[in-house]
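Taking it in order: structure first as structure tokens, then the write-up.
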Amino acid sequence: MFVVMYTNNRCLATQAGHNVKLSKSLSYLLRHGAAKMGFQLDSGGFLYVDEILRHQQFKRYTKEDVRQVVADNDKKRFALQEEEETGRLQIRANQGHTLEVEELELTPISDPAEAPTVVHGTYLNCWDKIRTQGLSRMKRNHIHFAPGEPGEDGVISGMRKTCQVLVFIDIAAAMRDGLQFYRSANNVILCPGDREGLILPKYFQQALQARPRRVLPLDVPLS
């Protein structure tokens, strides 16, 4: 009996590792590496699953593996659809791209009341630079925000649970000055920033250290 349980647990662990590797590979392909790997995203950011599975890096996987990874992803990073004309299965990443995607399913936020909480998660070793220079989209197309803190209702993505600093944005002030905000299909709030790809510190409403909970002054460096 012990041997059977051990074997089953080992099989489950192997399958979990298999799925994690597939998830990471799909994230890279759909967000960043399509062109380098010989693919062309369509205008909505989709690729055909059967074409992905013919690539050397994905030959060990099946459509069911892909469906399982999408279903199990708690942050809802991926979307699946069947192409209307052919019935072929397609997949895309919902956000996080460095690639340009013409028609990614982003809903413009036209009123600050639509996003009463806009919070970016980061780490203590990044805070002093962010506090003085602002948030940068870096190589991505957008700066990512959550509509609340991890664990709150409706918050499934937008920041890592390990983030140590929560930066709350005054979205009303930012929108008055022309910054544009969007909501992705998995409820992440996105902003391309200003012309330099930044959200300046003047739009920071508050910063909190997550654990232990305390307010971080916006005008004082960490000691």
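The values are calculated or read from the model by the stated rules, or taken from the named source; none is laboratory data. Treat the numbers as computed from the prediction; the structure is a model and nothing was measured. Here the Cβ positions follow ideal geometry from the backbone for every residue, glycine too, while neighbour counts run over all protein chains shown.
The figures follow:
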{"read-out": "Residue under evaluation Gln56, criteria (1) polar (S, T, N, Q); (2) in contact with a Phe, Trp or Tyr (Cβ under 9 Å, 6 or more places away or on another chain); (3) without any contact (Cβ under 8 Å) to a residue 40 or more places away in the chain, criterion not met", "value": "(2)"}
{"read-out": "Scan of the range 118-136 for residues that are farther than 18 Å from Arg214 by Cα and surrounded by fewer than 19 Cβ atoms within 10 Å (Cβ to Cβ), ordered by number", "value": "Lys129, Thr132, Gln133, Ser136"}
{"read-out": "Restricting the range 58-102 to residues that are polar (S, T, N, Q) and more than 17 Å from His144 (Cβ to Cβ), the residue that is modelled with the lowest pLDDT", "value": "Thr86"}
{"read-out": "Selection count where residues are in contact with a Gly (Cβ under 7 Å, 6 or more places away or on another chain) and of a type in the set (D, E, K, R), scope the range 106-152", "value": "2"}
{"read-out": "Counted residues, the range 57-84 - those being charged (D, E, K, R) and in contact with a strand residue (DSSP E or B) (Cβ under 9 Å, 6 or more places away or on another chain)", "value": "5"}
{"read-out": "Tabulated pairs, the range 105-125, first in contact (Cβ under 8 Å) with a residue 40 or more places away in the chain, second in a helix (DSSP H, G or I), C-beta under 7 angstrom, 6+ apart or interchain", "value": "Pro112/Ile171; Pro112/Ala172; Pro112/Met175; Ala115/Ile171; Val118/Ile171; Thr122/Ile130"}
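Matching residues to (1) among the aliphatic types (A, V, I, L, M); (2) over 17 Å from the mean Cα position of the chain (by Cα); (3) closer than 27 Å to Gly17 by Cα; (4) in a strand (DSSP E or B):
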{"site": "Val70", "(1), (2), (3), (4)": "yes, no, yes, no"}
{"site": "Lys75", "(1), (2), (3), (4)": "no, no, yes, no"}
{"site": "Glu85", "(1), (2), (3), (4)": "no, yes, no, no"}
{"site": "Glu100", "(1), (2), (3), (4)": "no, no, no, no"}
{"site": "Cys126", "(1), (2), (3), (4)": "no, yes, no, no"}
{"site": "Lys129", "(1), (2), (3), (4)": "no, yes, no, no"}
{"site": "Met138", "(1), (2), (3), (4)": "yes, no, no, no"}
